[in-house]
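Below is one structure, written out as structure tokens; the observations come after it.
The values are calculated or read from the model by the stated rules, or taken from the named source; none is laboratory data. Everything numeric here is computed off the predicted structure, so don't read it as measured data. Using ideal geometry, Cβ is built from the backbone for each residue, glycine included, and neighbour counts are taken over all protein chains shown. Calculation scope for accessible area: heavy atoms of the full protein, side chains included, ligands and nucleic acids excluded. Shrake-Rupley method; radii C 1.70, N 1.55, O 1.52, S 1.80 Å.
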Amino acid sequence: MVGGRIVIVSALQFACSDDVSKNVDAAERLVRAAHKDGAKIILIQELFEGYYFCQAQREDFFLRAKPCKEHPTIMRMQNLAKELEVVIPVSFFEEANNAHYNSVAVIDADGTNLGLYRKSHIPDGLGYQEKFYFNPGDTGFKVFLTKYAKIGVGICWDQWFPEAARAMVLQGAEILFYPTAIGSEPQDDGLDSRDHWRRVMQGHAGANLVPVVASNRIGKEIIQTEHGKSEITFYGNSFIAGPTGEIVAVADDKEAVLVAEFDLDKIKSKRYGWGVFRDRRPDLYKVLLTLDGSNISL
């Protein structure tokens, strides 16, 4: 069996305050802890610079957005990545002239910014009113050739869509990473999406025969909205799944640094041998280009 290209990946989770400097300090502390455990690609949760502000529709929250170029948090993570020789996908609220995106900058192990992915699927529901802030991403699904692996990055709501995972793996992604902010539902105390959320991504791993790494935040966050206070308790449960969808590391609702080791050459051989990419029928999938399942030739 071919083997030997070993990579250790990590998912971090922590509670955010609404103080950018404290949150970025916490992220750096946990990145260093993951590096100490041998991790080479380290995932921080979605929009970790502050509270998950999308509970409200407030114009003043647009002031949280910054351009990618010379973004202070991205620059700090570039320095950290170079120092530790690790890869860090960095989630941030991007301002691009009059457009705004929920974005990730992928920082390589030498500190180079390899480019942006902008979140493609934008949710809109009570507590998760992202369409007020974010334009739909225009980058398409991308992969990034890092020092240690070719990786794909989706962002939170993207993780519910099998098309996104498949598109990234078709482009050669060897590991999928999903920074996330998900928890309780303000409109329904009885709705718990945690297990559903995890199983869907386990399916992406199993269907594509690649590891999946998901990082979620923890803690209770209260935001003053236009209609009073809104509250979400983020459930954490960050995890790492192997290439058959098996859970190899999982957190609870406490601060955590997860690590897992994969042999990417062995996984590649298994992916090729299993035949799911050999036996695909793109000529039969045109219905996926429609919203209603109709015959697009009509």
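A few comments on the model shown:
- Filtered residue count, the range 187-225, keeping only those that are part of a loop (DSSP other than H, G, I, E, B) and buried (at least 19 other Cβ atoms within 10 Å of the Cβ): 5
- Residue 255 vs. criteria touching a residue at least 60 places away in the same chain (Cβ under 8 Å) and over 19 Å from the mean Cα position of the chain (by Cα): no
- Residue check for residue 176: at negative phi and assigned to a strand (DSSP E or B): yes
- Here 125, 183 are screened, and the one residue that is over 23 Å from residue 252 (Cβ atoms) and not polar (S, T, N, Q) is 125.
- From the list 295, 237, the one residue that fits, being over 20 Å from the mean Cα position of the chain (by Cα) and part of a loop (DSSP other than H, G, I, E, B), is 295.
- Within the range 261-276, tally of residues that are touching a residue at least 40 places away in the same chain (Cβ under 8 Å) and not in a helix (DSSP H, G or I): 4
- Annotation note: Cβ proximity below 9 Å between a residue of the range 132-157 that is farther than 18 Å from residue 214 by Cβ and small (Gly, Ala, Ser) and a residue that is assigned to a loop (DSSP other than H, G, I, E, B) and open to solvent by 20 Å² or more (accessible area, probe 1.4 Å) (sequence gap 6+ or interchain) occurs for 137/120; 137/121; 140/120.
- Residue 245 being on the phi < 0 side of the Ramachandran plot, assigned to a loop (DSSP other than H, G, I, E, B) and of a type in the set (Gly, Ala, Ser): no
- Count of the range 113-135 residues, restricted to those that are among the aromatic types (Phe, Trp, Tyr) and open to solvent by 30 Å² or more (accessible area, probe 1.4 Å), is 1.
- Checked against the criterion of being of a type outside the set (Asp, Glu), open to solvent by less than 30 Å² (accessible area, probe 1.4 Å), in a strand (DSSP E or B) and out of contact with any helix residue (DSSP H, G or I) (no Cβ under 9 Å at 6 or more places or on another chain), the candidates 106, 90, 7 yield just one match: 106.
- Boolean, residue 88 is closer than 23 Å to residue 240 by Cα, β-branched (Val, Ile, Thr) and without any contact (Cβ under 8 Å) to a residue 40 or more places away in the chain: no
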